[in-house]
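Enquirer: Below is one structure. I have some questions about it.
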Amino acid sequence: MPSLDEALPRIIGAGSRSSGVVDPFEGLAPFASAVAALLHRQLRPSTWRPIVEALQSAGLLDPEVMNLAGMLEIQQTLGGKSSPISHRSLASAKHLAHWLVERHGGRAEILCETALSIESLRKELAAIQGIGSTGADAILLAASGRPTYPVDRGTYRILVRHGWLDASSSYEEARDEMIHCIGDDSLRLREAVAGMSWLATHFCRTSAPQCEGCPLLPMLPSGGPIGTETE
Ligand code: SF4
């Protein structure tokens, strides 16, 4: 059975097919990147980018400002009921702003400062309502370039179906597996995240894998995809 190491070039290659953009968060300030990372998990790039731009134009991508803003005000900035962003996503961004103000003086730059260990930041971020472990790792990778990997359901499915991860593995075990394989190069980690996301969306679907035409088809175990816990 081919290893995850051997499959990595194909995974990273798939990432460049997804949008052609190596780093979707390039040029954004830390808080804007963190909010974009939360939106990126739920929305397509064509949807989340205009939302980030609208929040930026309204001056809301400042932790102090977002913390004080009401949900209604933010929703109206984004087009009211016609906005594609859910109440839950907006609430997560507001909780993040509140945490930065209450715990770190409103300074999103703390996400990038090495004086705070990545483990302590992961723990604090994961405890924020609506963010969790995957959101915490997505924020740290996007906003600070810290070497971590946000394991989403798509990554989990691909790892399990190829036999690179046991179906009963924890979030931390799946994350460690990805970091062990990719290393601590944050750009490469981002490329792998984009690749896994593209593969999961186009081929490795929740209901059943569509292996025909998938770039990872030659990397399957001899018996074909292994069932996940939900299959
Ligand atoms: S669709 Fe098939 S070949 Fe592609 S990643 Fe999923 S299990 Fe692997």
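Quick note: the coordinates plus some simple rules give every number you see, no bench work behind them. Worth saying up front: this structure is predicted, and the values here are computed from it rather than measured. With ideal geometry, Cβ positions are generated from the backbone for all residues, glycine too; neighbour counts draw on all protein chains shown.
Enquirer: Highest mean first, how do 59-65, 142-148, 171-177, 34-40 rank when packing is the count of other Cβ atoms within 10 Å averaged over residues?
Expert: On the way: 59-65: 19.1, 142-148: 21.6, 171-177: 16.0, 34-40: 25.9.
Per-residue Cβ counts within 10 Å, averaged per peptide and sorted highest first, yield 34-40, 142-148, 59-65, 171-177.
Enquirer: Quick one: putting +1 on the C-beta of Lys and Arg, -1 on the C-beta of Asp and Glu, what dipole do you get for segment 30-144 around its Cα centre, in Debye to the nearest 20?
Expert: 420
Enquirer: Still on this structure: So what's the net charge close to PRO150: Lys and Arg +1, Asp and Glu -1, counting the other residues with Cβ under 12 Å from its Cβ?
Expert: +4
Enquirer: So what J values fall out for segment 188-202 if you push phi through Karplus, 6.51 cos²θ - 1.76 cosθ + 1.60 with θ = phi - 60°, rounded to Hz, Gly and Pro as x?
Expert: For segment 188-202, the Karplus curve yields 5, 5, 5, 4, 5, 4, 4, x, 4, 4, 5, 4, 5, 6, 8 Hz.
Enquirer: Another question, then. Lys/Arg Cβ at +1, Asp/Glu Cβ at -1, dipole of the chain taken about the Cα centre: which of GLY224, CYS211, TRP164 is farthest positive-ward?
Expert: It is CYS211.
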